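These notes are about the structure you will find just below.
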Amino acid sequence: MVVQHRQWDVSGQDVFVSLDVHKRSWQVAIMVNDMMHKTFRQMPDVTLLVTYMRRNFPGARYHCVYEAGYCGFWIHDQLRAHGIHCMVINPADVPTTDKEKRGKTNPVDARKLVRGLRNGDLKPIYVPAQVAREDRSFLRTRKLVVAKQTRCKNQIKAMLSFYGIAVPDDIAERHWPRRYIAYLEALKFQSDSGTIALQVLLKELAHHRETLLSLTRMIRQLATTEPYALHVRNLVGIPGISTLTAMILLTELVEMARFHSLDRLASYVGLVPGENSSGDDRTITGITARKNPYLRWILIECAWVAVHKEPVLMQAFAELTKRMTKTRAIIRIARKILNRVRFVLKNEKPYVSSCVSIEDLAIGA
């Protein structure tokens with residue numbers, strides 16, 4: 001006897017789907033109306049998931065969610081291409097009970113996500129277009145190469161210190177000029193093995209320097225193309241911002257219109273104070289730990305340059321350091337520069353230095 005399964009009529013209803021994404025498998029949880037329908041594991045394949053949803057819930061409105069992580073946004077893009085609404089959320093923003101924290105499993109995480117989606121408790125993060133994401137990865141790759149170059153330099157300096165080799169006073173080593181590199185290449189140890197070890201590190205350093213130079217040239221070329229050319233020309237007028245810095249800002253922010261105020265922008269960057277409050281007790285914990293690390297890093301670097309370039313910012317920094325440390329004062333200068341960046345990108349006009357009183361700058365941008 002053939003058993004015929006009655007198809008569930010969910011035409012016009014909302015079906016909520018969450019994905020706990022892993023490299024080899026996805027944990028899927030599905031809710032229909034207020035009822036948890038099913039939790040199961042599947043291969044990491046969007047087409048497989050879409051086929052299951054349309055076969056079991058024909059005519060329904062599908063809503064998907066998953067946490068941002070190593071997998072990026074390709075799942076989001078493919079679900080949207082199938083006409084399915086998809087949200088990507090910050091894992092730290094998912095409402096979680098103490099029981100779920102103590103009994104953390106993949107099915108528990110999936111059900112927690114789908115419940116938050118069904119209740120409207122989740123807020124999506126911004127998902128840039130793929131071209132913008134690729135440009136962002138391009139700029140971030142340069143920072144990775146810089147980190148590798150710095151590590152290689154430190155390894156060379158550690159080796160020299162280990163063998164008590166002092167650099168002559170007439171050779172400047174701060175920026176590793178050609179003369180310093182030539183001195184290192186000419187160094188000879190007592191055995192061939194020591195000399196070879198140093199030569200290997202020097203070859204690695206030369207590779208990183210060459211790669212960094214090539215990337216920098218390509219980034220400058222990218223800065224002359226659309227949609228960056230006009231914004232770069234406008235941003236470089238701000239003290240402390242170069243072409244490279246402008247490109248980092250543009251690829252990380254992508255769209256300034258998504259920030260409705262300076263406070264929201266500063267919060268995204270991480271230039272706001274953290275706070276712990278309970279009852280009448282209010283404790284400021286310093287600068288927030290939640291940030292875009294690339295943006296906060298580059299804006300603080302810009303601030304250190306700007307206070308040496310622009311007299312108004314220099315005087316504002318001097319006033320701030322009278323009542324706080326330099327590291328805290330530079331955060332406020334960075335926020336002023338961020339305000340200028342926001343103005344330039346929002347109005348699509350170049351920055352023009354105006355006569356602003358020191359008192360106004362010391363209070364806020």
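Laid out as a table, the results:
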quantity	calculated
Unique match (being farther than 27 Å from Ala246 by Cβ, in the same structural domain as Ala147 (by TED's automatic domain parsing), among the hydrophobic types (A, V, I, L, M, F, W, C) and under 27 Å from the mean Cα position of the chain (by Cα)) among Leu184, Leu212, Leu198, Leu205	Leu205
Options Leu235, Leu212, Leu202, Leu198; residue that is farther than 20 Å from Ala147 by Cα and in contact (Cβ under 8 Å) with a residue 12 or more places away in the chain	Leu235
Residue check for Asp77: more than 20 Å from Gly120 (Cα to Cα) and in a loop (DSSP other than H, G, I, E, B)	no
Candidates Ser161, Ser137 - the one that is of a type in the set (S, T, N, Q) and more than 21 Å from the chain's Cα centre (by Cα)	Ser161
Subset tally (residues that are free of Cβ contacts under 8 Å to residues at least 24 places away in the same chain and assigned to a strand (DSSP E or B)) for the range 86-96	1
The one condition in (1) part of a helix (DSSP H, G or I); (2) in contact (Cβ under 8 Å) with a residue 40 or more places away in the chain that Leu122 fails to fulfil	(1)
The listed residue being within 24 Å of Asp135 (Cβ to Cβ), touching a helix residue (DSSP H, G or I) at 6+ places or on another chain (Cβ under 8 Å) and surrounded by 14 or more Cβ atoms within 10 Å (Cβ to Cβ), out of Leu215, Leu198, Leu187	Leu215
Tabulated pairs, the range 310-332, first under 20 Å from Trp297 (Cα atoms), second polar (S, T, N, Q) and outside any helix (DSSP H, G or I), C-beta under 6 angstrom, 6+ apart or interchain	Ala329/Thr321
Filter result (under 21 Å from the mean Cα position of the chain (by Cα) and either modelled with pLDDT of 95 or more or part of a strand (DSSP E or B) (or both)) within the range 271-287	Pro273, Gly274, Gly286, Ile287
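The values are calculated or read from the model by the stated rules, or taken from the named source; none is laboratory data. No experiment lies behind these values; they were computed from the predicted model shown. Cβ coordinates were reconstructed from backbone atoms using ideal geometry, including for glycine residues, and neighbour counts include every protein chain displayed.
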